[in-house]
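See below for the structure under consideration.
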Amino acid sequence: MAIIGKIRSMRYLLVGITGLALLTFILTGLFDKIGSSVDRGTLGTIDGNEVDTAIYNAKMNQFEYSDRQQFQQQQREYTEKDQEQSADKAWSATVDEIILKREYEALGLAVSEKEFTSFLYGEEGFTLLPEIQQAFTDPATGQFNAAQLEKYVQDQEKSSDPTAIENWKKTKEAIRIQRMQEKYFQYLGQGSYVTKLEAKNEYLAKNESKSISFVMGAYRDITDDQMKISDKEVRAFYEKNKDKPKYQVMAGRDVKYFDVTILPSKKDSSVFNKELSVVKKAFATSTNDSVFILENSEVPFSRAYPSGSALTLRPEGDPKARPDLTYPAAMDTVFKSAAIGQLVGPYDDKGKTRLAKVVGFNSTVMKVRHILISAQKGDTKKIASAKKLADSLVKVVNKTNFEEFVKKYSEDPGSKDKGGVYEDFMDYEMVTPFSDFAKEKPVGTIGVVQTDFGFHIMEVLDRKNDVKFPIVALIQKTLLASEDTKIKLKDKAYSLLSKIDRELSKKEDITDKIILFDTIARREGFYSRPLRMFDESPRVQGFTTKMAAQSILELAYNDEAEVGDLCSSPIQDDNRLIIAIVSSIREKGAPALVDTYERMRTDALNEKKANSILKKIGSVTNLEVLAKKLKTDVKQAEVTFASPSIQGGGYEPEVIGALFSGKVKDKRSSKPTVGQSGVYVIRVNKTVKAPAAKNYDAEKMQMLSQIKAGIANSSRQALQKKLNVMDNRALLEAGIVR
């Protein structure tokens, strides 16, 4: 195969080298396009310095291009959400490049030309990068062809094309950075160690156990009616405990919000049902379903069937069903026993109202296996090389070696791990040439089929005619709120917002304001939800529209934002209206009372409950007597230090720690111990010592392996924390400059 064909195929394969689609430099000039989408402000800062927009945009182009290509190859839609994920990967890569460069310079790290060449070719102890190995594998032998790679490198080095020269320069630098990063983390790994004592303690924690009996006075058994706590007590608890490490917070802002959902009224439902009744009557007598569906359905369903509007449905839950081509499983008998021409419905399908006319039944499912030689439509050179390879392979592939050829050559990620097999599919579920081959060729036939995805070497494995799936003409409608209903609900939301504003204006204390917001929401039949944002990377999750998310960010992060600020008007988010309040502006360290009131209240109440339980327990240590006194049972459990949970109790590291401290002897009961779920009195029935071990090498190796596996992530986090990395992208997109 020509070398240029190899290089073109690499645009999908070499993304994994650095996560930056390095070799797309070879193919396109995308990485030279550094157009900025930022008009003002900064994308973010590292150690107080602005992040270079050019670096970020170049990486954004790289990731978006490579991710789009990957999605296209996998026949998946590249959505706005996917684009955001590409942007996040670009940001991470940008931060990595900047902060790690400082580390390389401080340590004097470098990659020589000899080291680079060895890394590229997988020599001198380096493992060949799998993507390069796959891209430069000779299809005739199945072996890596170093000569092809060397020829490609020489062609780039000797090229007279300025663009090709610059692209190769950037590619080399990216691969060099890949090696530099590996070297840096290897150095950090060499500084990791586990002592013999640590390994021994790990062994004992996992292998020594205690069989216990216990009585627990659970906090949950004391209701709010039995144990009340005043605001004064909560504030006192806060002052006493706010500086404890477990209460420390990161800098950021919180918003609380609830939503008024825009739902259809009873009148809307009545009108909808009347209109649907008219449509149903007309659909039953329609002689042109295709035109009728176009005129009456929200979705102009169309598939490759003679009627121009029919499609095959599978019951919901069928593993082969497509999300939009199902019917409720409870209606399976109704559909499969329907007569041709019969109308089924209207019925509800995941919030949509559907009306189906049965026009036939699909009774055949097929099973094939294939080898895909990828060649996207329009790429004439790739198509020619792919056809040449497919034509050569089909001459030697057979039933015996088919799976082996799938592993070596197929570029279909959806079937490669399954031996290239697709089974129990119907003709409409695949592209037409693929389906026609599976449907028309005798079982056992092996041949080549071309589709928009490339060339398929196919073998027909089986066809079954013992199934029955309805072919239907389908009308879909959605019951929506009318404009009149929308106006009334908007008026309600505005009225409620005004009411909250009036009530909050009567309060001076910030904490009282936030509590009152929750109280009014609950009183009006709504549920107030918290939304937490962190200054290092403000993000808003859980909203359908970007405009709504940006409105929340603007409310929380505008220059004049204060705790207690309400949104100026209800925020529209698709079919709901959001009413929100800034509930916290946090500084790093001890929290303000308003930021932690509910947690402090819960902990203060639990402390009060614990004191009450301790008083009830008194000096009683006999578990059976104590169980009667607390109106509970004596429970049994097996515990280890490594898993600090008590079956029948809860997650109790302090209680387990006390048990294994050596202070509680076998056949003795512990003093009452306050835990997270209640107060425990525990009797150790038996301690099973860990078996004697010759050494603790296995534990040491496992612990060291875990440490090294987390070095890259933990060191990145430490560096970002040290350099105070601030991600302003979401704020900037919302028009907020920080």
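Observations on the structure shown:
- Selected residue [over 26 Å from LYS240 (Cα atoms), within 43 Å of the chain's Cα centre (by Cα) and either charged (D, E, K, R) or at pLDDT 95 or above (or both)] from LYS628, LYS588, LYS635, LYS609: LYS635
- Between ALA610, ALA604, ALA627, ALA592, the distinction of being closer than 30 Å to GLU733 by Cα and crowded, with 16+ Cβ neighbours inside 10 Å belongs to ALA592 only.
- Counted residues, region 214-241 - those being of a type outside the set (A, V, I, L, M, F, W, C) and either within 34 Å of the chain's Cα centre (by Cα) or within 30 Å of LYS628 (Cα to Cα) (or both): 9
- Among the residues listed as LYS492, LYS507, the single one being in a loop (DSSP other than H, G, I, E, B) and either in the same structural domain as LYS441 (by TED's automatic domain parsing) or of a type in the set (D, E, K, R) (or both): LYS507
Conditions tested, residue by residue: (1) touching a residue at least 12 places away in the same chain (Cβ under 8 Å); (2) in contact with a strand residue (DSSP E or B) (Cβ under 6 Å, 6 or more places away or on another chain); (3) among the β-branched types (Val, Ile, Thr).
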| residue | (1), (2), (3) |
| --- | --- |
| ILE446 | yes, yes, yes |
| THR451 | yes, no, yes |
| VAL460 | yes, yes, yes |
| ASP466 | yes, no, no |
| ILE475 | yes, yes, yes |
| SER482 | yes, no, no |
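- Being in the same structural domain as GLN69 (by TED's automatic domain parsing) and free of Cβ contacts under 8 Å to residues at least 12 places away in the same chain is a property that GLU123 has.
- Filter result for LYS665 (part of a loop (DSSP other than H, G, I, E, B) and of a type in the set (D, E, K, R)): yes
- When region 539-566 is filtered for residues that are assigned to a loop (DSSP other than H, G, I, E, B), among the small types (Gly, Ala, Ser) and more than 22 Å from the chain's Cα centre (by Cα), the ones remaining, listed by number, are ALA561, GLY564.
- Residues satisfying the stated conditions in region 249-283, i.e. among the polar types (S, T, N, Q) and not in a strand (DSSP E or B): SER265, SER269, SER270, ASN273, SER277
- Residue in region 614-626 that is charged (D, E, K, R), in contact with a strand residue (DSSP E or B) (Cβ under 8 Å, 6 or more places away or on another chain) and over 30 Å from VAL737 (Cα atoms) present: yes
- Here ALA205 passes the criteria (1) surrounded by 13 or more Cβ atoms within 10 Å (Cβ to Cβ); (2) part of a loop (DSSP other than H, G, I, E, B) except the one numbered (2).
- If the condition is being part of a helix (DSSP H, G or I) and either of a type in the set (Val, Ile, Thr) or under 17 Å from ALA87 (Cβ atoms) (or both), then region 709-738 contributes ILE711, ARG729, ALA730, LEU731, LEU732, GLU733.
- The set of residues from region 361-388 being surrounded by fewer than 21 Cβ atoms within 10 Å (Cβ to Cβ) and aliphatic (A, V, I, L, M) comprises VAL365, ILE383, ALA384.
- Candidate set: region 327-345, residues that are part of a strand (DSSP E or B) and either in contact with a Lys or Arg (Cβ under 6 Å, 6 or more places away or on another chain) or surrounded by fewer than 18 Cβ atoms within 10 Å (Cβ to Cβ) (or both); chosen: the one modelled with the lowest pLDDT: GLY345
- Residue pairs whose Cβ atoms lie under 7 Å apart, separated by 6 or more positions or on different chains, with the first residue in region 159-178 and in the same structural domain as ALA93 (by TED's automatic domain parsing) and farther than 18 Å from PHE116 by Cα and the second basic (Lys, Arg) and surrounded by fewer than 15 Cβ atoms within 10 Å (Cβ to Cβ), do not occur.
- Test: residue in region 602-609 that is in contact with a strand residue (DSSP E or B) (Cβ under 7 Å, 6 or more places away or on another chain) and at negative phi: no
- Per-region count, region 355-371, residues of a type in the set (Val, Ile, Thr) and under 10 Å from ALA339 (Cα atoms): 2
- Matching residues in region 512-549 - criterion: being in contact with an Asp or Glu (Cβ under 7 Å, 6 or more places away or on another chain) and among the polar types (S, T, N, Q): SER528, SER537, THR544, THR545
The values are calculated or read from the model by the stated rules, or taken from the named source; none is laboratory data. Note that this is a predicted model, so its numbers are computed, not measured. Ideal geometry is used to build each Cβ from the backbone, glycine not excepted, and the neighbour counts take in all protein chains shown.
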